[in-house]
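> First the structure, then my questions, so here it is.
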Amino acid sequence: MTHHEEALARTIIGVIGNIISFCLFISPAPTFVRICKNKSTEEFHPYPYLACVMNCLFWIFYGIPVVHPDSTLVITINSIGLALELIYLTIFALYTTKRNRVIIALVLFCEALFLAVIIIITIICFHNHKMRSMFVGIICVVFGIIMYGSPLSIIRKVFKTKSVEFLPFWLCLAGFLNGAVWFTYAFLKTFDPYIATGNGIGGLLGLFQLCVYAYFSLKGAPKADDTKPS
């Protein structure tokens, strides 16, 4: 494959990755329609959305030219994702408990503070693209894995109740597909170990979540509400 063909393939895969990433970010929409309809967050957790905010913030920073040039597609989709996640968290905060509102506000504040510290360290301590990409890329990998793994916070309940009611299928499916496509993208034109590592592990986590969902769905387990004591 020639350099031009690799660049074209990378662009095509990147666009496909953007589409699937958008599906990943929009996949919680049915959950929030349910929350608005019931005026309650029930037993849904805010942690996946908080993790996604942090992940998007760092990938946006990673993609800017002073850190990692030629990453426009990384910036665009994560900017869209950040906007959607903030909308989700706003809705969640409206219908959740006071304790959860405090947690959401505190975590968002800590995320913004942490990002500011990392930006300062990156600009002051690292003076070329390679070093900046490595420093920020490692952090992106960590938060990317946290984002992909965040639905695991409900897995314990799934095993306990034998119900997948509160395990968002579309979020798990989109997470798996998103990880697989961006993993492929990382190998085209110029190998990006940080995109490859984070999304490779993320794809595996998404696959595991899908297997859990399929297992309990095929067993025909009752919904979580049916397992609650009367």
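The values are calculated or read from the model by the stated rules, or taken from the named source; none is laboratory data. Given the structure is predicted, the values throughout are model-derived calculations rather than measurements. Here the Cβ is made from the backbone with ideal geometry for all residues, glycine too, and neighbour counts use every protein chain on show. Ligands, DNA and RNA are excluded from the accessible area calculation, which covers all protein heavy atoms including side chains. Shrake-Rupley method; radii C 1.70, N 1.55, O 1.52, S 1.80 Å.
> So how many Lys-Lys pairs in the chain land under 13 Å Cα to Cα, not counting same-chain pairs under 8 apart? Working shown, then result.
Numbers: K157/K223; K157/K228; K160/K223; K160/K228; K162/K219; K162/K223; K162/K228.
Taking the chain as the scope, the lysine pair count is 7.
> So, how do all the Cα-to-Cα distances of segment 1-160 break down into 10 Å bins, in percent, from 0 on up?
P(r) over segment 1-160, rounded to whole percents: 10, 33, 33, 17, 6, 1.
> Assign unit charges at the C-beta atoms only (+1 for Lys and Arg, -1 for Asp and Glu), then state the dipole size of segment 1-88 relative to its Cα centre in Debye, rounded to the nearest 20.
Numbers: 4 positive and 6 negative charges, 71 e Å.
I would put it at about 340 debye.
> In addition: In square angstrom, what is the accessible area per residue of segment 34-145 with a 1.4 angstrom probe?
Values: 5590 Å² over 112 residues.
I get 50 Å² per residue for this part.
> Normalise the Cα radius of gyration of segment 25-80 by 2.2 N^0.38 Å (N = residues in it) and let me know the number. Write out the running numbers ahead of the final one.
Numbers: Rg = 15.0 Å, N = 56, 2.2 N^0.38 = 10.2 Å.
Normalised Rg, Cα atoms only: 1.48.
> What value, in deg cm²/dmol to 500, does the helix sum -39500 (n - 2.57) over DSSP H runs of n ≥ 4 give at 222 nm once divided by the residues of the chain? Mind showing how you got there, number by number?
Numbers: 10 runs with 178 residues, N = 230.
The helix-only estimate for the chain comes to -26000 deg cm²/dmol at 222 nm.
> By how many degrees, between 0 and 90 and to the nearest 10, does the Cα long axis of helix 47-63 differ from the longest principal axis of the chain?
Long axis of 47-63 versus the principal axis of the chain: about 10 degrees.
> Mind jotting down the three principal axis lengths of segment 137-190 based on Cα atoms? Whole angstrom, largest first.
Cα extents, longest axis first: 46, 21, 11 Å.
> In nm, to one decimal, how far is the E42 label point from the I87 one, both placed 7 Å along Cα→Cβ?
Computed distance between label sites E42 and I87 equals 2.2 nm.
> Give the Rg (one decimal place) followed by the Dmax (whole number) of segment 31-123, computed from C-alpha coordinates and expressed in Å.
According to the Cα coordinates of segment 31-123, Rg and Dmax are 15.1, 46 Å.
> Still on this structure: Measure off, as a whole percent, the carbon and sulfur share of the 1.4 Å-probe accessible area of segment 58-106, all protein chains present.
Of all accessible area on segment 58-106, carbon and sulfur atoms account for 75 percent.
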